[in-house]
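The values are calculated or read from the model by the stated rules, or taken from the named source; none is laboratory data. Keep in mind it's a predicted model, so treat the numbers as computed, not measured. Cβ: placed from backbone, ideal geometry, glycine included. Neighbour counts: every protein chain shown. All accessible areas refer to the heavy atoms of the entire protein, side chains included, with ligands and DNA or RNA removed. Shrake-Rupley method; radii C 1.70, N 1.55, O 1.52, S 1.80 Å.
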Amino acid sequence: MLYLTLVIAFIASIVLTPIVKRLAFRIGAVDRPNYRKVHARIMPRLGGLAIFGSFIIGYFIFLPEESISNAVEPAFIPISTAILIGALLITATGFLDDMYEITAKSKLLGQFIAAAIVVIGGGLEISYINLPFGGELDFGYFSIPLTIIWIIGITNAINLIDGLDGLAAGVSTIALVTLAIMAFIMGDPFVLASAAILAASSLGFLFYNFHPAKIFMGDTGALFLGFMISVLALMGFKNVTVVALIIPIIMLGVPISDTFFAIVRRVREKQSISAADKSHLHHCLLNIGFSHRQTVLIIYGIAALFGLAALLFSQATLWGGILLISVMLVAIELFVEVVGLAGKNYRPLINFVKFFGK
């Protein structure tokens, strides 16, 4: 039944996207070119409605059942209901931004309320983690704010990489497929079905969003995808060992790394961390000389490598996992310095190697 649902969600996305495109032009939800953007013509930007609509269709056809591991306490409403309410609210927030370009504070408020509905209303929170060498770290009163920060952080990380045709949709699809595989391994049917249905919806949208795009997902889609990925990742890995908690961080390596080094770059250049710039990962690859399509495919490949690393990490021993993380961190740092993601003059590792190589 799940396979049929995935096909339906995929087809629904393909059918809904042209309808949403016409709606976007009719109501004026369009993205106009400016100095920060790479497109040269006015584009409709409500594509996320098609992703959201096809996901909802697939979700209510299959009606994923919550596993015992998803039953969280205390909760005012079932976690599945809380997720749907939060998803509706975050999508509405993105829709308002695509229509009226609301302020950053208004968007953050919408994200906070959506996250709070899931965390407080649905009872989903990271309350403790088991430490690798024994003992337990209980977050206590910090569990709710930490979980809300995680959801808002990943939501915005997906939004930040939505800078090229098909980039956010493709990276999100890769992350969702990885998440579905992990849920299958861990025996979590709710996360498996939800992630797979959302991946099928996002993949259908890519038919219109891959370069040259006919429509953008806008904040409607980026916020929705980021919210769902952050929540589903939490559901799969909450209240576990610190090693297992690293898995979703690896899985979302592309948006998390891009966001982290954007903060580093802005701090080094004495800019506000919320300041917009044209130095994100996709901008850096374009500046090196890669084409639009090549840049997107390279980032797809990086996202797939992160997904594979997450799967390997989940099956590794403790020391094997530590070795894998160490190699990954060095590789990420080297890549960041080569492409200039943290700034053109940021090259501590390369300079260190050169110094000792003399």
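Table for the structure above
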quantity	calculated
Solvent-accessible area, 1.4 Å probe, carbon plus sulfur percent, for the stretch 1-357	71 percent
Taking the chain and dividing mean pair separation by its residue count, relative contact order in percent (alpha carbons under 8 Å, at least six apart)	21 percent
Amide H contacts of Y128 (H built 1.01 Å from N, under 5 Å, at least 5 apart or other chain)	F139, N239
Dipole axis of the chain (+1 Lys, Arg; -1 Asp, Glu on Cβ), positive-most option in V7, A180, F261	F261
Vicinal HN-Hα couplings computed from phi for the stretch 101-118 (Karplus, 6.51 cos²θ - 1.76 cosθ + 1.60; Hz; Gly/Pro x)	6, 5, 5, 4, 5, 5, 5, 5, 4, x, 5, 5, 5, 4, 5, 5, 4, 6
Nearest-0.05 FRET efficiency for L146 and F335, computed from C-beta distance (R0 30 Å)	0.55
Long-range amide H partners of D31 with built H, under 5 Å	M43, R45
Förster-model FRET efficiency, 56 Å R0, F25 and L312, C-beta, rounded to 0.05	0.80
Solvent-accessible surface (1.4 angstrom probe) belonging to R268, in square angstrom, nearest 10	100 Å²
Dipole magnitude of the stretch 117-261 about its Cα centre (Cβ charges: Lys, Arg +1; Asp, Glu -1), debye to nearest 20	200 debye
Net lengthening on full extension, S106/I77 (0.36 nm per residue, minus Cα-Cα)	7.9 nm
Value of [θ]222 nm, deg cm²/dmol, for the chain, DSSP H segments ≥ 4, -39500 (n - 2.57) each, nearest 500	-23000 deg cm²/dmol
Accessible area per residue, Å², the stretch 1-357 with all protein chains present, probe 1.4 Å	46 Å²
